[in-house]
1. Is the range 3-141 best put as rounded, prolate or oblate by its Cα gyration tensor, with a ≥ b ≥ c the root eigenvalues, rounded for a/c under 1.5, and otherwise prolate when a/b is larger than b/c, oblate when not?
2. What residues have an amide H closer than 5 Å to that of residue 59, excluding those fewer than 5 places away on the same chain, when H is modeled at 1.01 Å from N in the peptide plane?
3. Where nothing but the Cβ of Lys and Arg (+1) and of Asp and Glu (-1) is charged, how large is the charge dipole of the chain around its Cα centre, in debye to the nearest 20?
4. Express the relative contact order of the chain as a whole percentage, based on alpha carbon pairs under 8 Å and six or more residues apart in sequence.
5. Taking the Cβ of residue 253 as the center, what net charge do the other residues with Cβ under 11 Å away carry, scoring Lys and Arg +1 and Asp and Glu -1?
6. Regarding the range 43-111, what's the average projected area of the Cα-atom convex hull, expressed in nm²?
7. Can you find, among 242, 79, 187, the residue sitting farthest towards the positive end of the charge dipole of the chain, where Lys and Arg contribute +1 and Asp and Glu -1 at Cβ?
8. Would you mind calculating the relative contact order of the range 3-141 from Cα pairs under 8 angstrom and at least 6 residues apart, reporting the percent as a whole number?
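Bear in mind that the values in this text are calculations on the coordinates, not laboratory data. The model shown is predicted, which means the values in this text are computed figures rather than measured ones. Positions of Cβ are backbone-derived with ideal geometry, glycine not excepted, and every protein chain shown enters the neighbour counts.
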Amino acid sequence: MTTDAAGSVEIRGALVRMRRLTGLPVAFGGLVEAGRGQVRISELSGTATPALRALAVASGNGLGGRAVALARPCAVADYSSSPQISHEYDAPVAAEGLRSMLAVPVVVRRRVRGVLYGALRSAQPLGDRTLSLAMEAARDVEQALVVQEEVRGLMAVAAHTEPDRDPAGGAVVEQVRQAHAALRALGPRIADPVLRAELLDACELLASGESAGEVRLAPRELDVLACLAAGATNAAAAERLGLRPETVKSYLRSAMRRLGAHTRGEAVASARRAGLLP
């Protein structure tokens, strides 16, 4: 799945959440097209017509284009008569019967990556609470896109790393172990199942892909061991994995029991012999 396709999945989910949280009957949005400076509306939720589908919104134009240009949320109480925006898109907006509308940019690393819209079919001000909830939905997309970028970067490292050819005397092996631990930690945060499957496949490649099959660890047990194998303390592993330190200790004890190990070092060594860790 491409980055844009994965981003569209996240926007689709955010629109559904935004409608549920805000009570707005209509939501739509899309990503900024690379190199073109315009948002392509690709996701619709609650619409009655296809009038907005595939609409290209240029930066600075209309409500969404204004949100892109300013990199901040914008709202109007009555779209068709608002003096705050330009009116290039009045026809499709009117065809859908929309009046009151908000637009929230999705900003990742200071760059606008997309826009979420919410709308009513009546002309009335949208309150601060509604705007705040819409912004929360946009923040969810932003965090998901950041995670996806991190995953893609780590997977690229995995694809171009050859641990058997390591003239640096272990430096590449250490890089592989760090990348493996980072990928394992990111896995539970990936909502898209296709991207998560790609990530886990990359983890298996880094680990060697030749498990002896005699030992099976639960995913979280392997996550903890991967962090520890990369040099993390229990506390650091807990922070990276979003767990409590006590929970990390519990997973470690369970992994040690499965591996027949008495120390964390023995557990890591056993997991490497079994092809579970790089």
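1. On the way: a/c = 1.33, a/b = 1.17, b/c = 1.13.
The shape class here is rounded.
2. 39
3. On the way: 34 positive and 29 negative charges, 133 e Å.
Computed charge dipole of the chain: roughly 640 debye.
4. Numbers: 462 pairs, mean separation 38.5, N = 278.
That works out to 14 percent.
5. Net charge around residue 253: +2.
6. Numbers: hull surface 18.5 nm².
Averaging across all directions leaves 4.6 nm² for the Cα convex hull.
7. Going by the Cα projections, it comes out as 242.
8. Details: 300 pairs, mean separation 35.5, N = 139.
So the answer I get is 26 percent.
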